[in-house]
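Heads up, the thing below is written out as structure tokens.
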Amino acid sequence: METDITLEFGTKLENKRTIHLELLCCHSTVARQQFEKAKQLRDVYNFANDMRRQLKVFTASAMSSNFFEVHHKEDKCIVQIVRIYNEYPLKKHVDAIKALVDNFAEEQHTKTNIKGNQATIAARKKEFKDSDILARLNSLDPKAIYQLTQSLFAMLRRIKLAEFENAKQAPVKAAAQHRIIVPDTDGKAVRSLMHWMYQGSLYYEDAENLYGTLLLAIRLGVEQLTQTCLSKLANDTQDAIAQAYSCGSSLQILLGYDLVDDEQDAASANNVVQVVFGHVLKDPEPPARLFKLVVGALAINMDSELWAQLKDVVGHGLALRLVEAMLVLRQTDGGGVKLECELLAIEGLPAGHNTHMGG
């Protein structure tokens, strides 16, 4: 494990954890492919970072314009500026860099901030426009080169920050920066992921934490953890429903619709049925297995009271699947089938969506 990757999460990406790329790639084909795809861009970023760091040497606080001139730093600095001008690897920023250098050099020649006496300055101004960038910069005096260095370094810093910000919406670009962006993921899910990857066991505080871990595993393409969380949620939900029915309870009570708001909020986080049903009802693309389980359970238990609670939160797509499930049940009703079997036997339903998350 040699390569550190920063996992950034939270509503505003305010939280960060370090994870090892090699370990992640052992568990995730998606991550491995994404980071392989980012290799060329990562090399480009490394080249650009090297250029910026070498120029930064000439912008240190101790490097005043007088110090710059007395110690003849302009020659080495010009070499770096010309290299950036001709070889900067982030192509979409090249025109802006060249415009900055060209316009600055032109302005300094206009102000006669160039080397030589008055007799040679006039001659050099005539030759300026036909000269290459090295000749133009060599004609500037040290103070002008110092000013150009400050301006160019500031632009390179802005480019770095812009690329960093743009990566939030571009998973491959983030991978090239050794980052994985997972907005709207909470710290509990990240801790569960890290525990599973490094300790080899699934740890979670409650059902909401487990569901969040499932979504994170899907997003990162960690297939084994995805299946572990999915099976745990599905099995626990089915067991809870079956147990409730064996005790003479109802799905409506299990979902907390007969509780007052404060009681419902307190119970919901650790009530796997409420968590699973809540996410399937409101999330745009819930996992197919949980989607099918919820549709089946609702189809079996639907009555006017339950529908009154659900009608404002059931989307059009889920409502269509629910009608189809109820029709299937009507056609295949055997009367003595166990609840667990009924939930799994509703075939022919269009599945929910498995979410593909790249970052």
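Rule-based calculations on the coordinates, nothing more; no lab input. Just so you know, these numbers come straight off a predicted model, no measurement behind them. Positions of Cβ are backbone-derived with ideal geometry, glycine not excepted, and every protein chain shown enters the neighbour counts.
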(message) Using Cα-Cα distances under 8 Å and only pairs 6 or more residues apart, what relative contact order does region 29-177 have, in percent?
(response) 41 percent
(request) Pull out the extension gain between residue 244 and residue 168, defined as 0.36 nm times the separation in residues minus the alpha carbon to alpha carbon distance; nm, one decimal. (result) 22.9 nm
(request) Report the label-to-label distance for residue 135 and residue 61 in nanometres (one decimal), using points 7 Å from each Cα along the Cα→Cβ vector. (result) 4.2 nm
(message) Within a 10 angstrom radius of the beta carbon, how do 151, 246 rank from fewest other beta carbons to most?
(response) 246, 151
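Return the subset of 91/168; 76/160; 73/173; 12/282; 232/282 for which the Cα-Cα distance in this structure is over 25 Å, preserving the input order. Can you show the working numbers first?
On the way: 91/168 20 Å; 76/160 23 Å; 73/173 35 Å; 12/282 22 Å; 232/282 20 Å.
Table pairs above 25 Å Cα-Cα are 73/173.
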(request) Give the peptides 41-53, 187-199 in descending order of average Cβ contacts within 10 Å, highest first. (result) 187-199, 41-53
(request) Assuming R0 = 35 Å, can you tell me the calculated FRET efficiency for the pair residue 285 and residue 100, based on Cβ-Cβ distance, to the nearest 0.05? (result) 0.20
(message) Between residue 306 and residue 235, how high is the FRET efficiency from 1/(1 + (r/R0)^6) when r is the Cβ-Cβ distance and R₀ = 25 Å? Nearest 0.05.
(response) 0.60
(message) On a full-extension model of 0.36 nm per residue, what is the gain between residue 46 and residue 191, subtracting their alpha-carbon distance, rounded to one decimal in nm?
(response) 49.2 nm
